[in-house]
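Enquirer: This is the structure, below, for whatever I ask next.
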Amino acid sequence: MGRLDQRVVIVTGGSRGLGEAISRLFTQEGAQVVLCDVRDELGKAVAASIVEAGGRASYRHMDVSKVADWQAVVAEVEASFGKIDGLVNNAAVLGGGPILEHTMEAWEHVVAVNQTGTFLGMKHCIPAFQRNGGGAIVNISSCAGIKPTPGAGPSYAATKAAVRLMTKSIAIDFAKQNIRANSVHPGRFQTDMSLEIGASISDAVTEATPMGRAASPREVAYAALWLLSDEASFVTGAELCVDGGLTAV
Ligand SMILES: NC(=O)c1ccc[n+]([C@@H]2O[C@H](COP(=O)([O-])OP(=O)(O)OC[C@H]3O[C@@H](n4cnc5c(N)ncnc54)[C@H](O)[C@@H]3O)[C@@H](O)[C@H]2O)c1
């Protein structure tokens, strides 16, 4: 018995990093996962390797900031599998840097992917959950959505804080409809994004982390697994820090 047997789950940003780790773990626990991303070649390769290992996965191109992409993906997933049980809003970008160097284009891109993308994911999947009698959402925020990372600039922190409160808003509005929504707040873990932020910021975060190390993506993926599974059936509107103690300091 898998912890997500019979579940159909959409994972955004599934082509690499945490989204890939979540997709692999969920399929190992019995889910049918639809990985969505803009990095098509990588995403197709991840889905193919999951299938080769005996899991159930497919890849679909989707820019999370585009309404039409969400409409198409939700319609296709329901047509193919009859329902949607879960959504992991994981896709995100860094960008902009400190405010005095921050361009409008960078600000708008970070907001579009991290904040609008999460909003659109919930807006388009909730009706599918209602048709199915319920569902669960896991939004990947960050420790930076609780306390900002020195030197990382305002846009990433602002969008991750927005994800935190959007999640709680949805949780209370849909609690009586068997739809749960929770956010995960990782500290630093090892992916391409954690390299993009720059060694000096990355090293400072690790140094400030009581456990003194970065996580592996799989350690974070287990938190998403629990929140999406029935083991968390009375958990909604929660923020789960997976950060080696970073936000406890
Ligand atoms: N890596 C860390 O240390 C860290 C720490 C805290 C939180 N997070 C969060 O964890 C999540 C995953 O991060 P990661 O480190 O795996 O990042 P990553 O950059 O390795 O992966 C992000 C994925 O999102 C995809 N993506 C970007 N823009 C997209 C768009 N418009 N539409 C669809 N997909 C898009 C990328 O192509 C990529 O595959 C993010 O929400 C990130 O903010 C990461």
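Just so you know, all these numbers are worked out from the coordinates, no wet-lab data involved. Model, not experiment: these values are computed from the prediction. Glycine also receives a Cβ, built like all others from the backbone with ideal geometry; neighbour counts cover every protein chain displayed.
Enquirer: Plugging the Kirkwood radius over Cα pairs into Stokes-Einstein for the chain, at a temperature of 4 °C and a viscosity of 1.567 mPa s, what D comes out in µm²/s?
Expert: Diffusion coefficient, whole number: 72 µm²/s.
Enquirer: Now for a separate question. Which of Ala175, Ala136, Ala161 ends up with the largest GNM mean-square fluctuation for the chain, with Cα atoms connected below 10 Å?
Expert: Ala175
Enquirer: How high is the FRET efficiency from Asp40 to Tyr222, r the C-beta distance, R0 45 Å, rounded to 0.05?
Expert: Computed FRET efficiency for Asp40 and Tyr222: 0.95.
Enquirer: Further question: Would you mind checking segment 16-32 for residues with the amide N under 19 Å from a putative spin-label position 7 Å along Cα→C-beta of Ala48?
Expert: Once the point is set 7 Å along Cα→Cβ of Ala48, 16-17, 20-21, 23-24 turn out to lie under 19 Å by backbone N, inside segment 16-32.
Enquirer: Which of the peptides 7-17, 201-211, 224-234 is most tightly packed, and how do the rest follow, judged by the mean count of other Cβ atoms within 10 Å per residue?
Expert: 7-17, 224-234, 201-211
Enquirer: Around Thr118, under 12 Å between beta carbons, what's the net of Lys plus Arg minus Asp minus Glu among the other residues?
Expert: Values: positive: Lys123, Lys160, Arg164; negative: none.
Counting the neighbours of Thr118, the net charge comes to +3.
Enquirer: Which shape class, rounded, prolate or oblate, goes with segment 92-153 when its Cα gyration tensor gives a ≥ b ≥ c as root eigenvalues, a/c under 1.5 marks rounded, and past that a/b bigger than b/c marks prolate?
Expert: Values: a/c = 5.52, a/b = 2.21, b/c = 2.50.
Oblate, since a/c reaches 1.5 and b/c is not below a/b.
Enquirer: Another question, if that's okay. Taking the Cβ-Cβ separation of Ala72 and Ile172 as r and a Förster radius of 41 Å, what is the calculated FRET efficiency to the nearest 0.05?
Expert: The formula returns an efficiency of 0.90 here.
Enquirer: If you don't mind, another one. Ranked highest first by the average count of other Cβ atoms within 10 Å around their residues, in what order do 101-108, 85-92 fall? Each step should come with its number before you reach the end.
Expert: On the way: 101-108: 13.0, 85-92: 26.9.
Result, highest mean first: 85-92, 101-108.
Enquirer: Given axes a ≥ b ≥ c from the Cα gyration tensor, I'd like to know whether segment 33-137 is rounded (a/c under 1.5), prolate (a/b larger than b/c) or oblate.
Expert: oblate
Enquirer: Still on this structure, please answer the following. Could you run the Karplus curve 6.51 cos²θ - 1.76 cosθ + 1.60 with θ = phi - 60° over segment 114-120 and give me ³J(HN,Hα) per residue in whole Hz, x for Gly and Pro?
Expert: Listing the rounded values in order: 6, 9, 5, x, 5, 4, 5 Hz.
Enquirer: Figure the gain on full extension for Ala248 and Ile99 (residue separation times 0.36 nm, minus the Cα-Cα span) and round it to one decimal in nm.
Expert: Difference between extended and current length: 51.0 nm.
Enquirer: Taking the alpha-carbon centroid of each part, what is the distance from segment 144-207 to segment 51-120 in angstrom?
Expert: When both Cα centres are located, 15 Å separates them.
Enquirer: Starting at the first residue of segment 193-206, write each ³J(HN,Hα) from the Karplus equation 6.51 cos²θ - 1.76 cosθ + 1.60 with θ = phi - 60°, in whole Hz, x for Gly and Pro.
Expert: For segment 193-206, the Karplus curve yields 4, 5, 7, 5, 6, x, 4, 5, 5, 4, 5, 5, 5, 4 Hz.
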